[in-house]
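For reference, the structure is listed below as structure tokens.
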Amino acid sequence: MTKKRLKMTTSREVRRTVNRVANMLLNDELDPKTANALLYACNVCLGAIRVDEQQAKLEELEKLVREVEERNGH
């Protein structure tokens, strides 16, 4: 049996995976227990992606604040 891989490094890829899992479930290509486990993994990945995105935004804001403070002599 060949190994299957799902790309879930961006929110768009997670959304595609969710759609793929849902379609496979509807077409009886995947049992509900496996679908549930995959959707749980999607949710975990999406949460991690959101945290990473928030961290990147926070770092950018901190950088901008430092630049403004340096210009103002603080």
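The values are calculated or read from the model by the stated rules, or taken from the named source; none is laboratory data. Note that the structure is predicted; figures quoted are calculated from it, not measured. All Cβ positions, even for glycine, are placed from backbone atoms using ideal geometry, and neighbour counts span all protein chains on display.
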ask   = What are the residues in the stretch 17-30 that are free of Cβ contacts under 8 Å to residues at least 12 places away in the same chain and surrounded by 15 or more Cβ atoms within 10 Å (Cβ to Cβ), if any?
value = 24, 25, 30
request  = Give me the pairs, please: first residue somewhere in the stretch 31-59 and under 15 Å from residue 8 (Cβ atoms) and of a type in the set (A, V, I, L, M), second residue anywhere and assigned to a helix (DSSP H, G or I) and at pLDDT below 95, beta-carbon distance under 6 Å, and either six or more positions apart or on two chains.
outcome  = 49/11
ask   = Going through the stretch 2-19 one residue at a time, which ones are touching a helix residue (DSSP H, G or I) at 6+ places or on another chain (Cβ under 9 Å) and modelled with pLDDT of 95 or more?
value = 13, 14, 15, 17, 18
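Working only within the stretch 35-74, note down all residues that are closer than 24 Å to residue 6 by Cα and hydrophobic (A, V, I, L, M, F, W, C). Please lay out each step first, then the result.
Step one: list which residues in the stretch 35-74 are closer than 24 Å to residue 6 by Cα, which gives 35-54.
Within the stretch 35-74, 35, 37, 38, 39, 41, 42, 44, 45, 46, 48, 49, 51 qualify.
Return yes when residue 34 is at pLDDT 95 or above, polar (S, T, N, Q), assigned to a helix (DSSP H, G or I) and surrounded by 14 or more Cβ atoms within 10 Å (Cβ to Cβ) and no when it is not. Lay out the reasoning, then the answer.
Details: at pLDDT 95 or above: yes; polar (S, T, N, Q): yes; assigned to a helix (DSSP H, G or I): yes; surrounded by 14 or more Cβ atoms within 10 Å (Cβ to Cβ): no.
Judged against the criteria, residue 34 is not a match.
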